[in-house]
Amino acid sequence: MSRAPRSSKAQPPLVVSHFQEALVLNQFLVGLFGIDPLHPHTDSGRQVRPLEMLAKTLRSVEPGIAPNGKHRFLEALISHLPTSAVLTPAELTRYDANLVAHTQAINGKRKQKGEIVWKYFQWLTLLFVEIYLDRYFSDRQGLCAALNDFVERFNRFHEKLKRSTGISLYAADDLNKLCLQNATGSGKTLLMHVNLRQFAHYARCTGQADAYSRVIVLSPNERLSEQHERELRDNGFYPEPLRQESDLASRGQSALDIPLLTEITKLADEQKVKQMAVDSFGDANLLLVDEGHRGMSGSDWKAKRDKLAARGFTFEYSATFKQAVKAANDKVLAESYAKAVLFDYSYRYFYADGYGKDYRIFNLPKDELAHKDTYLTAALLAFYQQLRMFAEAGKRYAGYNLEKPLWVFVGASVTGRKVDEDSVSPSDVAQILDFLARFLAPREECTRLIGLVLSGNGQQTGLMDAQGRDVFVNSFPYLRDLKLDGAAIYADICQRLFHAPGGGHLVVERVKGDSGELLLKVGEAEQAFGVINVGDAAALAKHGQEELEHKHSLAGVRPSEFGEAVFGDVHKPDSPIHLLVGSKKFIEGWDCWRVSSLGLMRMGQSEGAQIIQLFGRGVRLKGKDLSLMRTSRYQPVNPPRDIHFLETLNVFGVQADFMAT
């Protein structure tokens, strides 16, 4: 008897399975330039996304404003504009004139910082916002109808391929949110400031400014709000904290002139001692949401954001909408973001254009944990090589805007995780401390491991790739050229990295107050070499004491009599801190260019968005002439010797399963 054919399993809609292919708003905008987003496009024989046809005309253009008062990108764009374009040269010229005015207004206030000169992708992002806001304020119904014409065509296209998109027609209420998915380090904060000016311009030009109650800049934490306050002031704005009684109209101030800062954690359904009732601010606000991916997996944060701008407007900024949508596993949420992402310049495009550092990624899987000490010694040596190269380079790298290297180690847990009712396994942060303590004393074993790693013999280290080669081949040429033995290198590590010429035991000091910091020192050294920045420093101090003191390698966890919080100064070039340890607390909104080596303990698939955020902190690069580009792309001919080692982020994962994907 023949079997009945198996029913094929229903495929998930495009918004779930291939989110970046479902960005209908972005594709609609691209189509206005006469580039059909539903047709294949090739460049130099390879298939490229439709936006690349715009990008390639701008990438080689010199940035900046020409003597004629227009961005040089404008002339290149117009000269390559297809005859099928909906946008006219006159419209594009008008949009660029607005961008020039906004840019010059901000530059006129930037007394402490250099003038803004937009990279091509930043200018293109702002141009997309101009196009959208013009249509939104002047003809909302026409915009909705045009978008729906495209959605219908988009759906028919994919139906022919037997794919469900998960994209329904727009309603007028869907139009008041824009999301910018731009890579970490690509200037999202500056874009936000111009977006505020763009929105205010169109609201006033169309007589609609009075429809908005206030501007709220929403951040996930106080540190990021403080950073926004500084940067808004630098760019000529006058930010204030959001308060329950914030009423700008009664003070004779325009609602769109004063950005009000707060954190999502300070908003609640009802008024509380340290929280404000979200309903008290109405629903007609202009909302600027930093780290917009936060709160997607739960309904509470997003619901509050939606309340604040139900009749207002929202800009959301994140490098990781795609990863957050995937983690949320919510078709309705995925559709709402696919219909709101206006511009997509996520990390893959940022890196392909030559921006940011290069990177090398390693991961030690669970079945190779027997080699963990050797592996972590290699991670330490990789950072030490960068630190020593930077210190010994002299003027070789002058003008390339390199920062003093910093090693960052992040774990998934701080105070241990429950194994059963009676026991808790060591936290990831405690395991990092355990390795450092054993590296510092006794020194004989670590001296041996240093020599073993530098020998390049993968069979002896046990760390080999699929082809049987040492995984760290060609990783330590600078150290090998020094021709020093393991003991000499160990001694220099103690002095250069740990501020302890004679070595000693690891000491953990808890900083007084609520900074959430623990200082790392060696022996009686006055200078801390590292800082732990976590949410609950007291709990970690207790946990570390319990877990590690029996090993006799930790001198003790003690309160710091004179120590002050140092995390706020880690970004400074003269900071003595070489190691920063934490548990994901400082991933978002941390403004630092120093990260050169990154360690990840047990970071799995569910932390994908957070890992990319942290990875983005590490690949940030100012570059020569503040180009943001690595030297191999900006100056490929005769670059300074070995500069690529300092423009490479080393990522060492331990059971960091996400890094293997």
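Do any trypsin sites (Lys or Arg not before Pro) in region 332-365 lie in a DSSP loop with no more than 11 other beta carbon atoms within 10 Å, and if so, which? Could the numbers behind the result be given before it?
Details: sites: Lys339, Arg348, Lys357, Arg360; in loops: Lys339, Lys357.
Sites meeting the loop and neighbour criteria: none at all.
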**Item:** For the chain: accessible area per residue (Å², 1.4 Å)
**Value:** 44 Å²
**Prompt:** For all pairs of alpha-carbon atoms in the chain, what percent lies in each bin of width 10 Å, listed from the first bin to the last filled one?
**Reply:** 3, 14, 23, 24, 19, 12, 4, 1, 0
**Fill in**
For region 567-575, Karplus-derived ³J(HN,Hα) couplings (6.51, -1.76, 1.60; θ = phi - 60°; whole Hz; x for glycine and proline) come out as 4, x, 10, 4, 6, 6, x, 9, 5
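Classify region 26-94 as rounded, prolate or oblate from the Cα gyration tensor: take a ≥ b ≥ c as the square roots of its eigenvalues, call it rounded if a/c is under 1.5, otherwise prolate when a/b beats b/c and oblate if not.
Working: a/c = 2.67, a/b = 1.47, b/c = 1.81.
It comes out oblate by the Cα gyration axes.
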**Message:** Within the chain, what whole-number % of the accessible surface is contributed by carbon and sulfur, with the 1.4 Å probe and all protein chains included in the calculation?
**Reply:** 50 percent
**Asked** Residue by residue through region 26-43, which ³J(HN,Hα) values in whole Hz follow from phi under the Karplus form 6.51 cos²θ - 1.76 cosθ + 1.60 (θ = phi - 60°), with glycine and proline marked x?
**Response** 4, 5, 4, 5, 4, x, 5, 8, x, 10, 6, x, 9, 9, x, 10, 10, 9
**Nonlocal amide H pairs with Asn363, under 5 Å, H built at 1.01 Å** = Gly653
**Request:** Treat each spin label as a single point 7 Å out from the Cα along the C-beta direction, and report the His80 to Asp485 distance in nm.
**Result:** 6.0 nm
**Prompt:** Can you work out ³J(HN,Hα) from phi for every residue in region 158-174, in order, using Karplus 6.51 cos²θ - 1.76 cosθ + 1.60 and θ = phi - 60°, giving whole Hz and x for Gly and Pro?
**Reply:** 7, 4, 5, 8, 6, 10, 7, 8, x, 9, 9, 5, 6, 9, 4, 6, 7
**Message:** Classify region 316-472 from the C-alpha gyration tensor, please: rounded if a/c falls under 1.5, else prolate or oblate depending on whether a/b exceeds b/c.
**Reply:** oblate
**Message:** List the residues, sorted by chain then number, that are 5 or more residues from His41 or on another chain and whose placed amide H is less than 5 Å from its amide H.
**Reply:** Val48
**Asked** So if R0 is 30 Å, what FRET efficiency would Gln460 and Gln527 give, r being the distance between their Cβ atoms, rounded to the nearest 0.05?
**Response** 0.25
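Could you tell me which of rounded, prolate or oblate describes region 301-397, using a ≥ b ≥ c as the square roots of the eigenvalues of the alpha-carbon gyration tensor, with rounded for a/c under 1.5 and, failing that, prolate when a/b is larger than b/c and oblate otherwise? Numbers along the way, then the final one.
Values: a/c = 3.09, a/b = 1.86, b/c = 1.66.
The shape class here is prolate.
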**FRET efficiency estimate (nearest 0.05) - Cβ-Cβ, Asp492 to Arg156, R0 56 angstrom** = 0.25
**Complete:** Simple spin-label estimate for Tyr478/Asp257, 7 Å along Cα→Cβ, in nm, reads 5.2 nm
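What does the helix-only formula give at 222 nm for the chain: each DSSP H stretch with n ≥ 4 adding -39500 (n - 2.57), the total divided by the residues, and the result rounded to the nearest 500 deg cm²/dmol?
On the way: 23 runs with 250 residues, N = 661.
Value at 222 nm, helices only, nearest 500: -11500 deg cm²/dmol.
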**Item:** Cut-off under 5 Å, modelled amide H: who pairs with Arg469 long-range
**Value:** none
**Prompt:** Want the number for Glu270 to Thr93: 0.36 nm per residue separation, take away the alpha-carbon distance, what's left?
**Reply:** 58.9 nm
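Taking 0.36 nm per residue of separation and subtracting the Cα-Cα distance, what length does fully extending Ala105 through Asn68 add?
On the way: separation 37, 0.36 × 37 = 13.32 nm, distance 1.74 nm.
Taking 0.36 nm per residue and subtracting the Cα distance, the gain is 11.6 nm.
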**Message:** What percent of all Cα-Cα pairs in region 119-236 falls into each 10 Å bin, going from 0 up to the bin containing the maximum distance?
**Reply:** 11, 32, 34, 18, 5, 0
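The values are calculated or read from the model by the stated rules, or taken from the named source; none is laboratory data. These figures come from a predicted structure and were not determined experimentally. Cβ coordinates were reconstructed from backbone atoms using ideal geometry, including for glycine residues, and neighbour counts include every protein chain displayed. Surface accessibility is based on the protein's heavy atoms, side chains included, excluding ligands, DNA and RNA. Shrake-Rupley method; radii C 1.70, N 1.55, O 1.52, S 1.80 Å.
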